[in-house]
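This report refers to the structure that appears directly beneath it.
The values are calculated or read from the model by the stated rules, or taken from the named source; none is laboratory data. No experiment lies behind these values; they were computed from the predicted model shown. So basically every Cβ, Gly included, is an ideal-geometry build from the backbone, and we count neighbours across all protein chains shown. SASA here: full protein model, heavy atoms, side chains in, ligands and nucleic acids out. Shrake-Rupley method; radii C 1.70, N 1.55, O 1.52, S 1.80 Å.
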Amino acid sequence: VKIIQVLGQKAELTRKLLSSEIDIMCVMQQQQENDNLIAIELAKEKMGIVGTQSQLQMRDDLEDQSTVFIYPKNDCSYRKTFDNYLGKYLHNRRNVIEALSIETIKQSIVINSGISVLPYSTVETEITSGKINFREINLSKDNEISTQLVYHKNKWFFPLLRTFTDYLVHEMDMS
């Protein structure tokens, strides 16, 4: 068995999955909307506003125009959640940064460059170390994010791949 981790954007990975270039993918996203794909939810993700302690204490009023929002890039799987939650505060705002990666967003927050909305699992290490604070937000069902195991509905799984995916689902159910 050969497992290769392929990093890429959701659209690119979905194309590879549909063309059988890859067998499965694990993604963090809203509910899968492609009729040719099957998604198994592995874990619901807590979403929250993230920033340094001083940013989150001072920024109780998100309408404050001095608050800098750090966006995930446009094709990020939870950008829609970001827009739906913070969109009403972004009208005519000049203090917006669009970052290319979660790591860039995290590092920008650590150096006090702004706040963002991120899944807890992506900032857990920084929260534990005290670099970043997390204020959980309540999302509507339409905006919920989960980690999903996704595969083509017509894909034949050789036995070892089936065993691997069953193991992954079982382990995630246990956590």
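Here Thr128 and Gln5 are evaluated by their C-beta separation; at R0 = 30 Å the FRET efficiency comes out at 0.80. Starting from the amide H of Ile137, placed 1.01 Å from N in the peptide plane, find each other amide H under 5 Å away whose residue is 5 or more places distant or on another chain. Hits under the 5 Å cutoff: Met47, Gly48, Ile49. In the chain, the calculated helix contribution to ellipticity at 222 nm averages -9500 deg cm²/dmol per residue, counting -39,500 (n - 2.57) for every DSSP H run with n ≥ 4. When the alpha carbon coordinates of the range 132-175 are projected onto the principal axes, the ranges are 43, 23, 18 Å, largest first. Accessible area per residue for the chain is 60 Å², calculated with a 1.4 Å probe on protein heavy atoms, without ligands, DNA or RNA. Taking a straight Cα-Cα cut-off under 12 Å and skipping sequence neighbours fewer than 8 places away in the same chain, the aspartates and glutamates within cross-link reach of Lys80 are Asp142, Glu144.
Computing the accessible area with a 1.4 Å probe over protein heavy atoms, can you report the carbon and sulfur percentage for the range 74-175? Answer for the range 74-175: carbon and sulfur cover 50 percent of the accessible area. Among 95-106, 155-166, sorting by the average number of other beta carbon atoms lying within 10 angstrom of each residue, highest first, gives 95-106, 155-166.
Using 0.36 nm per residue and subtracting the Cα-Cα separation, the extra length available between Asn112 and Thr163 on full extension is 13.9 nm. Name the residue farthest towards the positive end of the dipole of the range 17-148 from the options Val68, Asn138, Tyr85, assuming +1 on Cβ of Lys and Arg, -1 on Cβ of Asp and Glu, about the Cα centre. Working it through, the farthest residue towards the positive pole turns out to be Val68.
Structural descriptor for the chain: relative contact order 40 percent, calculated from alpha carbon pairs under 8 angstrom and at least 6 residues apart.
With both labels modelled 7 Å from their Cα along Cα-to-Cβ, the Asn36 to Glu171 distance reads 3.0 nm. Dipole magnitude for the chain: computed about the Cα centre from +1 point charges on Lys and Arg Cβ and -1 point charges on Asp and Glu Cβ, it is near 320 debye.
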